[in-house]
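Here is the structure we will look at.
The values are calculated or read from the model by the stated rules, or taken from the named source; none is laboratory data. Keep in mind it's a predicted model, so treat the numbers as computed, not measured. Ideal geometry is used to build each Cβ from the backbone, glycine not excepted, and the neighbour counts take in all protein chains shown. Only protein heavy atoms, including side chains, enter the accessible area calculation; ligands, DNA and RNA are left aside. Shrake-Rupley method; radii C 1.70, N 1.55, O 1.52, S 1.80 Å.
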2 protein chains.
Amino acid sequence: MELLRNRVLHEGRVLSPKVVKVDSFLNHQVDPALTMEIGRTFADLFRNESVTKVLTIEASGIHFAMATAYALGVPFVYAKKKRAVTQSEEVYVASVHSFTRQETYQITVSKAYLCEGERVLIVDDILAEGNAIVGLVDIVSQAKAQVVGVGIAIEKSFQDGRRKLEEAGVSVQSLVRIASMENGVMTFVEEAAKAKVEE
Amino acid sequence: MELLRNRVLHEGRVLSPKVVKVDSFLNHQVDPALTMEIGRTFADLFRNESVTKVLTIEASGIHFAMATAYALGVPFVYAKKKRAVTQSEEVYVASVHSFTRQETYQITVSKAYLCEGERVLIVDDILAEGNAIVGLVDIVSQAKAQVVGVGIAIEKSFQDGRRKLEEAGVSVQSLVRIASMENGVMTFVEEAAKAKVEE
């Protein structure tokens, strides 16, 4: 996605060979028109998959799930990172290790909102080690629903996320794929949006 | 807002005289078309306020900020509840006590994304004791920016949030105002969307 790649290239700040900040337009301050365009792109990529629900994880995936679900005309669900006092009914739970925060936490989805047989599109802002998405895939599996694919805005292709998901048989579509950030210079994997998992 | 009130009435679950769950369509599973309509309504209510930025707090305010900011054609910012490792520059900080979780936490906004002189519309899903919104108002004040108003999807009018905000001179527009939930029966404050703070 040319539009997003240009934003990442010009507004992203490489803090280390593994960390890029895109919080001026993607995940702290957010450009809503760009987000809607990202959602429409995810919707187009998975248009033929009969998606019944979009799934993401709080907080930085929510606006992408919103835009994607709106474009597809289906509800979205966001997994919560901490069980709320008011969330009393049964939930699906998965453990996730955060690379950024160096901690393990639990994510939960109410059983009422993910049903057997649903066709689930998972979306998120960034794919790095992929642990959060693996947790979401686990939850979909617990619900006896099916992951039809994963839509990612920015993939750090030099980390293990894509490999983990592909090994689990999940199709990953990333709109921008960063190949390297060594020496503060960002390079991209070409033709990212067209790359499709061999099934 | 008739549409939202009907959803609250028919799908909201009153768990106690103070707690209503609306997580089937508003803040866990989300109806994106309804959310877009709520965002358009907030945008219309504050159309003449020359809003430059929409502000909310993660996680359940994000999709409403997204929809509102998209309708207004401005960026949105969501305050974070925990400072991320990658968030290294200076931030505005406010302390918030959560009624639901019975804990005090800090919310932060990067100074880069809230500037002096900005005209800020704050939105959130639910107004109860109002502590999170008071924290956001505090952060806007630290930035020497101006709160032009607060847009709330569902206000629990029997709690203190509106009073606190009005005492701080902030205009509150709530699309649905719940007057009482005693004995499991929800009653509404009439003409909620038209109620305007006397200035």
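Per residue of peptide B:105-115, the mean number of Cβ atoms on other chains within 10 Å of the residue Cβ is 2.
Shown in residue order for region B:33-47 are the 3J(HN,Hα) couplings computed by the Karplus curve 6.51 cos²θ - 1.76 cosθ + 1.60 at θ = phi - 60°: 5, 4, 4, 4, 5, 4, x, 4, 5, 4, 4, 5, 5, 10, 4 Hz (x for Gly and Pro). Taking B:ALA67, B:ALA94, B:ALA168 in turn, the Gaussian network model of chain B (Cα-Cα springs below 10 Å) assigns the largest fluctuation to B:ALA168.
A:THR187 label point (Cα plus 7 Å toward Cβ) to equivalent points in the other copies: 7.1 nm, shortest first. Global dimensions of region A:45-145 from alpha-carbon coordinates: Rg and Dmax equal 13.0, 39 Å.
Distances, shortest first, from the label point of B:GLY117 to those at the same position in the other copies read 6.0 nm; the point lies 7 Å along Cα to C-beta.
A point 7 Å from Cα along Cα→Cβ stands in for A:HIS10, and the other copies hold the same point at 4.7 nm, listed in rising order. Rolling a 1.4 Å probe over the protein heavy atoms leaves B:VAL185 with an accessible area of roughly 90 Å².
For peptide A:90-102, how many partner chain Cβ atoms fall within 10 Å of a residue's Cβ, on average? Before the final figure, lay out each step's value.
Details: counts 0, 1, 0, 0, 0, 0, 0, 0, 2, 1, 4, 5, 1.
What the average comes to for A:90-102 is 1.
Database remark: amide H of A:LYS53 closer than 5 angstrom to the amide H of A:ARG119, A:LEU121 (H placed geometrically; neighbours at sequence offset of 5 or more, or on other chains; Pro and chain starts carry no H).
So if I place +1 on the C-beta of Lys and Arg and -1 on the C-beta of Asp and Glu, and nothing else carries charge, what would the dipole magnitude of region A:1-68 be about its Cα centre? I want it in debye, nearest 20. Kindly include the intermediate steps, with their values, before the conclusion.
Values: 8 positive and 8 negative charges, 34 e Å.
About 160 debye.
Can you pull out the GluC sites (Glu not before Pro) in region A:99-193 whose DSSP state is coil and whose Cβ has at most 10 other Cβ atoms within 10 Å?
Values: sites: A:GLU103, A:GLU116, A:GLU118, A:GLU129, A:GLU155, A:GLU166, A:GLU167, A:GLU182, A:GLU190, A:GLU191; in loops: A:GLU116, A:GLU118, A:GLU129, A:GLU190, A:GLU191.
Answer in residue order: A:GLU116, A:GLU190, A:GLU191.
With the whole protein complex present, B:THR187 retains an accessible surface near 60 Å², based on a 1.4 Å probe.
To the nearest whole number, what is the average tally of beta carbon atoms from other chains within 10 Å of the beta carbons of peptide A:12-25? Numbers along the way, then the final one.
Values: counts 0, 2, 0, 2, 1, 0, 0, 3, 1, 6, 0, 9, 4, 2.
Taking all residues of A:12-25 together, the mean is 2.
Here the translational diffusion coefficient of region A:89-199 follows from Stokes-Einstein with Rh set to the Kirkwood radius across Cα pairs; for 10 °C and 1.306 mPa s it amounts to 108 µm²/s.
Rounded to the nearest Å, what's the spacing between the alpha carbon centres of region A:53-73 and region A:1-39? Just the number, please. Between the Cα centre of region A:53-73 and that of region A:1-39, the gap is 17 Å. For region A:164-176, the Karplus equation 6.51 cos²θ - 1.76 cosθ + 1.60, evaluated at θ = phi - 60°, returns couplings of 4, 6, 5, 5, 8, x, 9, 7, 10, 10, 10, 7, 9 Hz by residue, with Gly and Pro reported as x. A probe of 1.4 angstrom, applied to the heavy atoms of all protein chains, finds A:VAL54 with accessible area near 0 square angstrom.
Among A:GLN102, A:GLN159, A:GLN142, the largest mean-square fluctuation in a Gaussian network model of chain A (Cα springs under 10 Å) belongs to A:GLN102. A compact globular protein would have a Cα radius of gyration near 2.2 N^0.38 Å; the ratio found for chain A is 0.97. Split the accessible area of region B:1-52 by element, probe 1.4 Å, and carbon with sulfur accounts for 49%. Listed values for region A:63-73 are Karplus-derived 3J(HN,Hα) couplings in whole Hz (6.51 cos²θ - 1.76 cosθ + 1.60, θ = phi - 60°), namely 5, 6, 4, 4, 5, 5, 5, 4, 5, 8, x, and x replaces Gly and Pro.
Would you calculate, for chain B, the mean residue ellipticity at 222 nm contributed by helices, counting each DSSP H stretch of 4 or more residues as -39,500 (n - 2.57) and dividing by all residues, to the nearest 500? Numbers along the way, then the final one.
Details: 5 runs with 54 residues, N = 199.
Calculated from helices alone, the mean residue ellipticity at 222 nm is -8000 deg cm²/dmol.
Rg ratio for the protein assembly as shown: its Cα radius of gyration over 2.2 N^0.38 Å, N being its residue count, equals 0.95. Under the rule of at least 5 residues apart or a separate chain, name every residue whose amide H is placed under 5 Å from the amide H of B:VAL20. The answer is B:LEU15. For B:SER171, the residues whose modelled amide H falls within less than 5 Å of its own, excluding neighbours fewer than 5 places apart on the same chain, are B:VAL150.
Measuring max minus min along each principal axis, the C-alpha atoms of region A:1-105 give extents of 45, 37, 21 Å (largest first).
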